[in-house]
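Structure first, then comments.
The values are calculated or read from the model by the stated rules, or taken from the named source; none is laboratory data. Given the structure is predicted, the values throughout are model-derived calculations rather than measurements. Because the Cβ atoms are built from the backbone with ideal geometry, glycine has one as well, and the counts that use them run over all protein chains shown. Keep in mind that these areas ignore ligands, DNA and RNA; they rest on the heavy atoms of the full protein, side chains included. Shrake-Rupley method; radii C 1.70, N 1.55, O 1.52, S 1.80 Å.
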Amino acid sequence: MSDPKLTIADVMRDRNVSRSTIYRRINDGTLTAYRLGPRIIRFDASEVAAAFKK
């Protein structure tokens, strides 16, 4: 894993998905979220790419 640095807003913009789609992927285990604080979630770019392959 590289340094997790993508925010939810980054993933929404880059992958053109909704916030609920991101949370759904986190809950079903296809996307790993890294909590850096109580309200701070970050994602690894390579894991996001793998989770949202077409």
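Per-structure values
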{"read-out": "Tabulated pairs, the range 27-54, first under 20 Å from residue 14 (Cα atoms), second surrounded by fewer than 17 Cβ atoms within 10 Å (Cβ to Cβ) and among the aromatic types (Phe, Trp, Tyr), C-beta under 8 angstrom, 6+ apart or interchain", "value": "41/34; 42/34; 43/34; 44/34"}
{"read-out": "Complete set of residues in the range 29-42 that are open to solvent by less than 90 Å² (accessible area, probe 1.4 Å) and in contact with a Lys or Arg (Cβ under 8 Å, 6 or more places away or on another chain)", "value": "31, 33, 34, 41, 42"}
{"read-out": "Subset of the range 36-50 [outside any strand (DSSP E or B) and β-branched (Val, Ile, Thr)]", "value": "48"}
{"read-out": "Residue 2, sole failed condition from (1) among the polar types (S, T, N, Q); (2) part of a helix (DSSP H, G or I); (3) at pLDDT below 95", "value": "(2)"}
{"read-out": "Counted residues, the range 16-28 - those being open to solvent by 60 Å² or more (accessible area, probe 1.4 Å) and either modelled with pLDDT under 95 or over 15 Å from residue 53 (Cα atoms) (or both)", "value": "6"}
